[in-house]
């Protein structure tokens with residue numbers, strides 16, 4: 001597939017400067033070939049821009065004279081994300097309902113949905129228009145999928161899980177598994193039945209091997225437009241608002257409430273029964289053990305306000321020198337103490 005620069009400019013509101021060319025794909029400045037498009041989103045890659053072999057580059061107007069053909073954008077990174085969709089090759093080529101899949105006769109699968117070989121669709125499941133269920137997916141009893149949902153290979157949706165329209169769930173994700181609920185009993189730990197559900201809003205993306213546990217009672221929920229990375233753990237009865245971002249290896253303990261437009265960095269861990277307000281930002285590897293106010297930025301473990309964290313970090317770099325100075329002061333004080341003792345013994 002080839003697309004002219006002029007077509008891209010018209011479709012995505014960009015301005016073409018230089019020769020119009022046919023583009024066969026998108027690549028980095030370093031790797032792009034003579035028929036590929038690249039982009040410059042940061043000035044730290046200006047050296048790569050000087051040496052690129054790309055046919056054209058998406059960049060800001062200030063750098064347009066550095067290349068023969070340019071698509072000028074006020075936000076190159078956003079523009080390349082839009083243009084990349086033109087060259088995005090779809091996963092899989094199968095259409096229809098495979099005879100090698102198990103589809104329970106009491107399920108409801110829209111005629112326009114695609115069910116790949118070796119998928120399992122249980123009794124009472126409902127799969128909406130244009131949705132795709134890839135091989136080795138498990139769609140449990142009374143699961144509901146909206147329209148245009150994609151379940152990539154190996155996704156597991158346990159009973160009564162609800163997934164909204166336009167969701168994309170990557171390989172190995174598990175939704176609706178048991179929450180981690182145990183109580184001390186007369187013979188050891190006793191399992192608490194997990195009888196709630198999971199509800200996923202519209203346009204949610206869930207990464208590989210992420211686990212979202214169903215509620216112990218009630219619901220675990222993820223709001224519209226939220227994006228969840230790989231290897232994220234969301235415990236029972238957690239509620240996540242709309243358009244939030246959870247980066248890889250985030251762990252959220254039970255019954256914590258995350259607001260809308262919240263950003264949580266990789267490997268951050270949140271204790272249970274907390275509230276994180278709208279628009280809060282939690283840095284990577286933070287350990288959150290108390291409520292976070294809306295709009296706050298926190299870092300560290302235990303997590304503290306970002307400005308305080310950086311002040312502490314600066315002080316930590318000075319600890320070695322401070323330790324040496326302290327030892328020197330202690331030595332001077334000891335010398336003064338000895339001098340005073342000697343003076344007292346001589347009656348001075």
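Per the listing 333, 312, the residue uniquely at pLDDT 90 or above and part of a helix (DSSP H, G or I) is 333. For residue 287, the criteria (1) surrounded by 18 or more Cβ atoms within 10 Å (Cβ to Cβ); (2) closer than 19 Å to residue 229 by Cα hold in every case but one, which is (1). The number of residues in region 138-149 that are touching a strand residue (DSSP E or B) at 6+ places or on another chain (Cβ under 6 Å) and within 23 Å of residue 225 (Cα to Cα) comes to 5. For region 1-22, filtering for residues that are touching a helix residue (DSSP H, G or I) at 6+ places or on another chain (Cβ under 7 Å), closer than 19 Å to residue 66 by Cα and either crowded, with 16+ Cβ neighbours inside 10 Å or not assigned by TED's automatic domain parsing to the domain that holds residue 49 (or both) leaves 4. Considering only residues that are farther than 19 Å from residue 273 by Cβ and in contact with a strand residue (DSSP E or B) (Cβ under 6 Å, 6 or more places away or on another chain), look in region 170-190 and name the one that is surrounded by the fewest Cβ atoms within 10 Å (Cβ to Cβ). Across region 170-190, the extreme among qualifying residues is 189. Restricted to region 156-195, the set of strands (runs of 3 or more DSSP E) holding at least 2 residues that are at pLDDT 95 or above and under 24 Å from residue 126 (Cβ atoms) comprises 174-177. From the list 172, 188, 164, 207, the lone residue that is over 16 Å from the mean Cα position of the chain (by Cα), in contact (Cβ under 8 Å) with a residue 12 or more places away in the chain and in the same structural domain as residue 256 (by TED's automatic domain parsing) is 164. Within region 125-137, if we keep just the residues that are in contact (Cβ under 8 Å) with a residue 24 or more places away in the chain and outside any strand (DSSP E or B), the residue that is nearest to residue 228 (Cα to Cα) turns out to be 134. Just checking, does region 98-112 include any residue being surrounded by 15 or more Cβ atoms within 10 Å (Cβ to Cβ), touching a helix residue (DSSP H, G or I) at 6+ places or on another chain (Cβ under 9 Å) and in a loop (DSSP other than H, G, I, E, B)? Scanning region 98-112, I find no residue that is surrounded by 15 or more Cβ atoms within 10 Å (Cβ to Cβ), touching a helix residue (DSSP H, G or I) at 6+ places or on another chain (Cβ under 9 Å) and in a loop (DSSP other than H, G, I, E, B), so the answer is no.
Just one of the listed residues (269, 241, 196, 265) is under 22 Å from residue 149 (Cα atoms) and assigned by TED's automatic domain parsing to the domain that holds residue 182, namely 241.
Check whether at least one residue in region 211-234 is assigned to a strand (DSSP E or B), farther than 21 Å from residue 155 by Cα and either modelled with pLDDT of 95 or more or more than 15 Å from the chain's Cα centre (by Cα) (or both), and report yes or no. No, region 211-234 contains no residue that is assigned to a strand (DSSP E or B), farther than 21 Å from residue 155 by Cα and either modelled with pLDDT of 95 or more or more than 15 Å from the chain's Cα centre (by Cα) (or both). Scan region 16-33 and give yes if some residue there is assigned to a helix (DSSP H, G or I) and over 14 Å from residue 83 (Cα atoms), otherwise no. No, every residue in region 16-33 fails to be assigned to a helix (DSSP H, G or I) and over 14 Å from residue 83 (Cα atoms).
The values are calculated or read from the model by the stated rules, or taken from the named source; none is laboratory data. Predicted model only: the values in this text are computed from it and were never measured. Neighbour counts are summed over all protein chains in view; Cβ atoms, including those assigned to glycine, are modelled from backbone coordinates with ideal geometry.
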